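Participant: Have a look at the structure that comes next, please.
The values are calculated or read from the model by the stated rules, or taken from the named source; none is laboratory data. Quantities reported herein were computed from a predicted structural model and do not represent experimental measurements. Neighbour counts are summed over all protein chains in view; Cβ atoms, including those assigned to glycine, are modelled from backbone coordinates with ideal geometry. Side chains included, ligands, DNA and RNA excluded: accessible areas come from the protein's heavy atoms. Shrake-Rupley method; radii C 1.70, N 1.55, O 1.52, S 1.80 Å.
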Amino acid sequence: MLKSSQFNTFRTALSIAIALILSFLVIFLVSDQPVEAIMRMITGPLSSKRLFANVIELMIPLIFTGVSVSIMFSANQINLGAEGSFHLGGLVAAVVGLMVPMSQGVHPIAAILLGGLTGAVFAAIPAILKIFTTASELVSSLMLNYIALFLGNYILSYYLRDTTAGALTSHLLPESVKLQSIVSGTNIHIGLFIALLTAVFGYLFLFKSKLGYMLRISGENEKFAKYSGMNIVTVILISQLLGGFIAGVGGSVQLLGMYRRFSWAALLGYGWDAIIVTTLSKKNPLFVPLAAFFLAYIRIGADIMSRSTDVSPEIVAITQGIIIILIVAEQFLSGYKHKLVAREARLQMETEGAE
Amino acid sequence: MSITEILLSPDFLFVVLRVTTPILFATLAVTIAARSGVFNIAIEGIMLIAALVGVIFSAKLQNPWLGLLAALIAGGAIGLLLGVLVLRLKTDAILAGVAINLMASGGTIFLLYLVSGDRGVSSSLKSLSLPNIAIPVIEQIPFLGTVLSRHNILTYLVFIMVVIVHFMLYKTPLGLKIRSVGENPHAAESVGINVHKIQYIALAMSGVLAAFGGAFLSMGYLSWFTNGMTAGRGYIGLAANAMGGSTPIGGLIVSLIFGIADAMANVFQTGASLPYELVQMIPYITTIAGLAVYSLNRKKRQERIINK
């Protein structure tokens, strides 16, 4: 039998399994070739180097927003602005890339840092509003995401637009600013290392630094933190600035690594995806790459499935929703956990009694 | 025409009432749930699903009323589902709402493709719209007739709904129970109220109201479904409810303000005096500014009470 300390891992694994099984049931209901569809979804990403590379490419932005949201949520700030920070990060990287000529080595660094700073400022707005006016950071961050989108559309249409191109898109980004591919024949770029370093940094910050400790404490129990003499306002502000910075860097890296032009006319949704990554990783940035890999894998799998069968890839949205619900639902398996804890207590009492 | 002339024209006021409709339905939906003590962020997703369900059923059954009915049933059912998640499984209400919204935005694309083979727009479905209604006498009155007549039936309904929800909350035993459960569930329980049952009822009503708003978008405002057509109106409802102090009348006033902002975006869009992209921001900026001002006032009021 399980130990109660392993319970959470077991519960997460079971949640994923149930969500996948339910999604497969839906596929069976709607598809004429369900077995083939499911096989394509599960094994598709492994069928070629290029397809597996797609998984790694998709994992990169998810790591950034996942770490970002883990930090912001740890301070108990339900700031959903990672979406907007990511978008603005990409936008600013494009502006720097197209409008500020620089030499090869410095150009991407400047673009990414400025993208990160923009993301930080953006994500701090809901926190500042909350601190000074008590306005709900959830609602204001949701509104701000739309503002970020339309601001991006405005700058794209009026300042970056390549009028010779048919669709609404920017001029070609110069080579000097782009992130180089590290695996030949794929788009896996150097941003992968930046993402993994960010995850390690996020872990060290949240779990090994004094500031991170204060942040988690004030997130778990604001009153306790306040009476212990912590400066809650500073802690909250720093957490949101840092979270926004990481999401902004993610947007910049995504643009410079994966795109030839800036053409984001809609929000890309990585900020929302981050919520499932954060839920799976239990707000621990060290587990974020793993969760991001899983999500990227089923996404790419579903994409491959939709190309050769009659099932559309949005089936993954259903899988995701069920996973979030099962993991967050406190009552799910709570009876079983209770049994495990009670059994361990009994065993311990028996062994102590025997001594 | 100058801006003031446009803003005071009957056509503009007509548009205000029209674009206020979905926001006001969303606001009332948030209000009922909030009064029972549940933060219902799933309104956005419920509206989106209801918009699609209405289109599909009105097309398949060739009857807009049955389409509306199906949308309302779907909305109520998702409201109850949220109840099961939050009340029974003890899921965090915000994350449960986010999960429902994620499933709605992907799930509607999935369902639309399944039913029509289309991605994005339901153009191949021959769906029907709910009727616009000309009000006999009022229609003849010059200015007023243009503003008030020939609206979609759901636009009239939403203003009636404000009265109904107000009456329900403040003048009926059910409303009293909802308010007491929301304010202090333990006290409510101690006088024999079944707290969860009341919250389930409130969430079902909340889902039905949100579904009206969604059905209006795809069967009145437009006559088809497009991906993400709610465009944050459910979230604006959250803000409007907060600013309206969780009351139907307050929600009505704030929704009208947002409706004016939304209608102004429409006017400037055609007037081309401002870039379209900036005009699109107006309703969202208004919402944030309004929320900040309201929250600051409330904070000051509370501080004054404490300092007395």
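Participant: Before we move on, is residue A:291 more than 14 Å from chain B (Cβ to nearest Cβ) and crowded, with 21+ Cβ neighbours inside 10 Å?
Facilitator: Yes; evaluated as a whole, the condition is true for this residue.
Participant: Out of region A:322-335, which residues are free of Cβ contacts under 8 Å to residues at least 12 places away in the same chain and part of a helix (DSSP H, G or I)?
Facilitator: A:325, A:334, A:335
Participant: Consider residue B:245 carefully, then state whether it is under 28 Å from residue B:218 (Cβ atoms) and away from chain A (no Cβ under 13 Å).
Facilitator: Taking the combined requirement at face value, the residue does not satisfy it.
Participant: Of the numbered conditions (1) within 25 Å of the chain's Cα centre (by Cα); (2) within 14 Å of another protein chain (Cβ to nearest Cβ); (3) among the aliphatic types (A, V, I, L, M); (4) open to solvent by less than 60 Å² (accessible area, probe 1.4 Å), residue A:128 satisfies every one except a single condition; which is it?
Facilitator: Residue A:128 satisfies every listed condition except (4).
Participant: Consider residue A:263 carefully, then state whether it is assigned to a loop (DSSP other than H, G, I, E, B) and within 12 Å of chain B (Cβ to nearest Cβ).
Facilitator: Spelling it out, it is not the case that residue A:263 is assigned to a loop (DSSP other than H, G, I, E, B) and within 12 Å of chain B (Cβ to nearest Cβ).
Participant: Going through region B:99-130 one residue at a time, which ones are away from chain A (no Cβ under 14 Å), out of contact with any helix residue (DSSP H, G or I) (no Cβ under 6 Å at 6 or more places or on another chain) and not polar (S, T, N, Q)?
Facilitator: Matches in region B:99-130: B:121 only.
Residue-wise test of (1) in a helix (DSSP H, G or I); (2) buried (at least 21 other Cβ atoms within 10 Å of the Cβ); (3) touching a residue at least 60 places away in the same chain (Cβ under 8 Å).
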position: B:207; (1), (2), (3): yes, yes, yes
position: B:240; (1), (2), (3): yes, yes, yes
position: B:250; (1), (2), (3): yes, no, no
position: B:266; (1), (2), (3): yes, no, yes
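Participant: When the residues of region B:213-235 are narrowed to those that are aromatic (Phe, Trp, Tyr) and either within 14 Å of chain A (Cβ to nearest Cβ) or open to solvent by 20 Å² or more (accessible area, probe 1.4 Å) (or both), which ends up nearest to residue B:107 (Cα to Cα)?
Facilitator: B:224
Participant: Additional query: Could you give me the residue pairs with C-beta distances under 6 Å whose first residue belongs to region A:134-150 and is farther than 16 Å from residue B:262 by Cβ, whose second residue is basic (Lys, Arg) wherever it lies, and which are 6+ apart or on separate chains?
Facilitator: Short answer, once both residue conditions are applied: A:134/B:299; A:137/A:130.
Participant: Same structure, new question: Any chance you could count how many residues in region A:155-200 are open to solvent by less than 60 Å² (accessible area, probe 1.4 Å) and either within 18 Å of residue A:119 (Cβ to Cβ) or among the acidic types (Asp, Glu) (or both)?
Facilitator: Residues flagged as open to solvent by less than 60 Å² (accessible area, probe 1.4 Å) and either within 18 Å of residue A:119 (Cβ to Cβ) or among the acidic types (Asp, Glu) (or both) within region A:155-200 amount to 10.
Participant: Continuing with the same structure: Being facing chain A (nearest Cβ under 7 Å) and modelled with pLDDT of 90 or more is the filter here, so list the residues in region B:78-97 that pass it.
Facilitator: Residues satisfying the conditions are B:85, B:96.
Participant: Helices (runs of 4 or more DSSP H) wholly in region B:120-183 with at least 1 residues that are at pLDDT 85 or above - which ones?
Facilitator: Qualifying helices (runs of 4 or more DSSP H): B:153-171, B:173-183.
Participant: Now for a separate question. Have a look at B:23, B:73 and point out the one that is open to solvent by 30 Å² or more (accessible area, probe 1.4 Å), within 23 Å of residue B:156 (Cα to Cα) and either assigned to a loop (DSSP other than H, G, I, E, B) or modelled with pLDDT of 90 or more (or both).
Facilitator: None of the other options fit; the residue is B:73.
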